[in-house]
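Enquirer: If you scroll down you'll find the structure; I have some questions about it.
Laboratory data are not the source of any read-out in this text; all were calculated from the coordinates shown. Computed from a predicted structure; not experimentally measured. With ideal geometry, Cβ positions are generated from the backbone for all residues, glycine too; neighbour counts draw on all protein chains shown.
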Amino acid sequence: MPRNGKLTRITFGVAAAAAVAAVAVMTAGAASAKQSATTLTGAGSSLVAPAVSGIWAPAYSSAKGVNVNYSSIGSGKGIAAVTARTVDFGASDAPLTPDQASACNGCVEIPWALAGTGPVENIPGINGLQLHLTGPVLAKIYLGQITNWSDPAIKKLNKKLNLPNKTITVVHRSDGSGDTFVFTDYLSKVSKAWKSKVGSATTVSWPAGVGENGNSGVAAQVRSTPGAIGYVSTFYVVQNHLHMVRMKNSSGHFVYPSVKSIESASQILKKVPKDTGISITNPPKSKKFANAWPMATFTYVIVPKNSAKGPELRAFISWALGAKQQKSIQHLIFAPMPKLVVKAAKQRVKEIQ
């Protein structure tokens, strides 16, 4: 798969490091000890886990002396954990439903990253980015109506490919998942049958297939099962050497998720809702969205408005929203968030007390 975005490394210069060390020595004492002992715990989305655990947490610990421990347990469990106040923050790729918002009893959801999810395949003889699908055909596969890779509907879209006479193994998430929300939100917009029979949510009643836990579980199942199709966030495609599918967007172009195509999809947003819950799947037919990926999503940090660690949470989230930290995760296929979303996110951070 082509590499997208610039590989960004967090680098501290020798002089800066020396200065930080000097300040640390000069300010040693009770206040410094208190800061170094601070730990923020979070849990939820596996989509955002590579950014939080792999990039932001170690960088923030080095820069601020505050530890951030994050558990990748899925969006649904992350929402449940912050609702129960067993973690300091949750993370989800799906906006809170009214019932979830009410149960969370005074939580604020803040968009803090922009990414994409999409289908991956393991078809013998077919390489990455070769298979072309449309939304309606993908919906029929997940509805169990198309069950073989040699089906005429698939062959019509892939006349140059030698598709095998092989049964399709459908793989989906078994846990509450933001990726599932994005995937089913998209299918509900392109397939009336899907919308009426299944709908969109972080958990749905799947008509067919095998369920796996987390992005890693789906990725492993697809990789080990010839004939399989699944959906994962883009980082896991690269990490697991999976074959990404090109999807036909509303403008008629077959595209794949990249920093540019995900960023293009986000341009559909003209105004940020008051609760900052946003859906940007399936941008309309337009020259502006000619190369837009149809399954792009914002991912959210969910925080109690009243928290004993309010100042620490405000500081960490504000730091993550900064231009430098947003750029630092682009090599993981996270796209820059639109300025109006960053502005709205920073306003919501102020609600944390």
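Enquirer: Residue by residue through segment 292-300, which ³J(HN,Hα) values in whole Hz follow from phi under the Karplus form 6.51 cos²θ - 1.76 cosθ + 1.60 (θ = phi - 60°), with glycine and proline marked x?
Expert: Result, rounded to whole Hz: 6, 7, x, 10, 8, 8, 7, 10, 10.
Enquirer: To continue, here is another question. What ranking do Met295, Met247, Met337 get, fewest neighbouring Cβ atoms within 10 angstrom at the top?
Expert: With the fewest neighbours first, Met295, Met247, Met337 line up as Met337, Met247, Met295.
Enquirer: Between Ala208 and Lys155, what is 0.36 nm times their sequence separation minus the Cα-Cα distance? Round to one decimal in nm. Kindly include the intermediate steps, with their values, before the conclusion.
Expert: Details: separation 53, 0.36 × 53 = 19.08 nm, distance 2.14 nm.
Once the chain is fully extended between Ala208 and Lys155, it gains 16.9 nm.
Enquirer: Residue by residue, what Karplus-based ³J(HN,Hα) values in Hz, rounded to whole numbers, does segment 163-173 have, using 6.51, -1.76 and 1.60 with θ = phi - 60° and x for Gly and Pro?
Expert: Per residue, the Karplus-derived 3J(HN,Hα) values read 6, x, 7, 9, 5, 7, 9, 7, 10, 9, 6 Hz.
Enquirer: Sticking with this structure for a sec: Once amide H atoms are placed 1.01 Å from N in the peptide plane, what residues at a sequence separation of 5 or more from Val108, or on another chain, have their amide H within under 5 Å of its amide H?
Expert: Val303, Lys305
Enquirer: Next up: May I ask for the distance between the Cα centers of segment 281-353 and segment 97-117, given as a whole number of Å?
Expert: 12
Enquirer: Going by a ≥ b ≥ c, the root eigenvalues of the Cα gyration tensor, does segment 117-266 fall in the rounded group (a/c under 1.5), the prolate group (a/b larger than b/c) or the oblate group?
Expert: rounded
Enquirer: Taking amide hydrogens as modeled 1.01 Å from N in the peptide plane, which residues meet the under 5 Å criterion relative to Gly116, leaving out close sequence neighbours?
Expert: Those lying under 5 Å, H to H, from Gly116 are Thr234, Thr297.
Enquirer: Non-local amide H neighbours of Thr169 (under 5 Å, H modeled in plane, Pro and chain starts lacking H): which ones?
Expert: Ala228, Ile229
Enquirer: With a 10 Å Cβ neighbour count serving as the proxy for reagent exposure, in which order, fewest first, do His331, His172 appear?
Expert: Working: His331 18, His172 23.
By the 10 Å Cβ count, ascending, the order reads His331, His172.
Enquirer: Hey, what do the phi angles of segment 182-197 turn into as Karplus ³J(HN,Hα) couplings, whole Hz, using 6.51/-1.76/1.60 and θ = phi - 60°, x for Gly and Pro?
Expert: 4, 4, 6, 4, 5, 4, 5, 7, 10, 9, 5, 5, 5, 4, 7, 8
Enquirer: Which longest run of the chain has no exposed loop site in it, a site being trypsin sites (Lys or Arg not before Pro) in a DSSP loop with at most 13 other beta carbons within 10 Å, and the site itself not part of the run?
Expert: In the chain, the maximal stretch lacking such sites is 161-269.
Enquirer: Can you classify segment 35-97 as rounded, prolate or oblate using the Cα gyration tensor, where a ≥ b ≥ c are the square roots of its eigenvalues, rounded means a/c under 1.5, and otherwise it's prolate if a/b beats b/c and oblate if not?
Expert: Oblate, since a/c reaches 1.5 and b/c is not below a/b.
Enquirer: Here's another thing I want to ask about it. Pairs Lys287/Lys327; Lys274/Lys350; Lys140/Lys260; Lys288/Lys350; Lys156/Lys288: which exceed 22 Å Cα-Cα?
Expert: The pairs that break the limit, which is 22 Å between Cα atoms, are Lys287/Lys327; Lys140/Lys260; Lys288/Lys350; Lys156/Lys288.
Enquirer: Rounded, prolate or oblate, given the Cα gyration tensor of segment 225-273, with a/c below 1.5 counting as rounded?
Expert: Prolate is the answer for segment 225-273, as a/c is 1.5 or above and a/b outweighs b/c.
Enquirer: Rounded to the nearest 20 debye, what is the charge dipole size of segment 117-266 about its Cα centre when +1 sits on each Lys and Arg Cβ and -1 on each Asp and Glu Cβ?
Expert: Dipole magnitude for segment 117-266 comes out near 600 debye.
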